[in-house]
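J.: What follows is a structure written as structure tokens; I'll ask about it next.
Here, each number is a calculation from the coordinates, and none is a lab measurement. For clarity, every value in this text was computed on a predicted model and none was experimentally measured. When we count neighbours, we look across all protein chains shown, and the Cβ atoms used for this are built from the backbone with ideal geometry, even at glycine.
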Amino acid sequence: MQGINLFLSDRKFDTDAEVKSMDEEKVIVFDPHYCSGCMYCMTACSTYNNGATSLSKSRIHIVRHEGHAITKMTDEDDLIFDMITCQQCDQPYCLYLCPALAVERNDDTGALIINHDKCVGCRMCMVGCPFGVILYDLNKKQIVKCELCGGDPQCVRFCASGALQFLPKNLAHLPKRDRLAKKMIQLRARAREEEPI
């Protein structure tokens, strides 16, 4: 971050204005335990944002992993799915690195958006993104990224399994906490059943 601050010494940022209250700002939350890998989210995203279905142009990506990355090859594993999309960072390198000031935070949704009137196509935002989710559309000759569909993410709307939710940032941890609590209850119940009498 030091290098970025030196690079942007002339640029002033008001973090209170840039980042909405965590109670108001929402994020897309992914639960891999519910994901079936159907790709409806990617289809909905690309259709909504591009007018046609093209999974390669989706702004959300579901990645399939074989479970063998963490187990022996001889073990039987379930498929593991993961989501890759813009995290709408509180400290967004894409915004800080953009020399044209084309990356802006939408006051209504909290999403980081690209102002295509200002964007010069230098792709510095792509270089700065730690998640690699900012794309360059060769046909349109412009940067594209998840902008939360104006506050109504289509990926969440069309997620058939419920793996995607659109939650306030301060509640984003609750699905994981609930699943852990249920698992602990099940394990305790099983332990009681197995106790010798």
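J.: Distance check, please: which entries in K26/K145; K26/K57; K26/K182; K118/K140; K118/K145; K57/K141 exceed 21 angstrom between their Cα atoms?
T.: The answer is K26/K57; K26/K182.
J.: So what's the net charge close to L148: Lys and Arg +1, Asp and Glu -1, counting the other residues with Cβ under 12 Å from its Cβ?
T.: +1
J.: Then there's this: On alpha-carbon atoms, Rg over Rh for the range 94-190 using Kirkwood Rh?
T.: Using only Cα positions, Rg/Rh for the range 94-190 is 1.14.
J.: Could you tell me the calculated FRET efficiency between A189 and R157, based on Cβ-Cβ distance and R0 = 25 angstrom, to the nearest 0.05?
T.: The formula returns an efficiency of 0.10 here.
J.: Another question, then. Using 0.36 nm per residue, how much length does the chain from Q87 to Y34 gain when fully extended, once their Cα-Cα distance is taken away?
T.: 17.1 nm
J.: For a Förster distance of 30 Å, can you work out the FRET efficiency between the beta-carbons of N170 and L101, rounded to the nearest 0.05?
T.: Efficiency for this residue pair is about 0.55.
J.: Please work out how much length the chain gains when fully extended from K141 to S56, using 0.36 nm per residue of separation minus the C-alpha to C-alpha distance, in nm with one decimal.
T.: So the chain would gain 29.0 nm between K141 and S56.
J.: First measure r as the distance between the Cβ atoms of M126 and A181, then evaluate 1/(1 + (r/R0)^6) with R0 = 45 Å and state the FRET efficiency to the nearest 0.05.
T.: It comes out at approximately 0.70.
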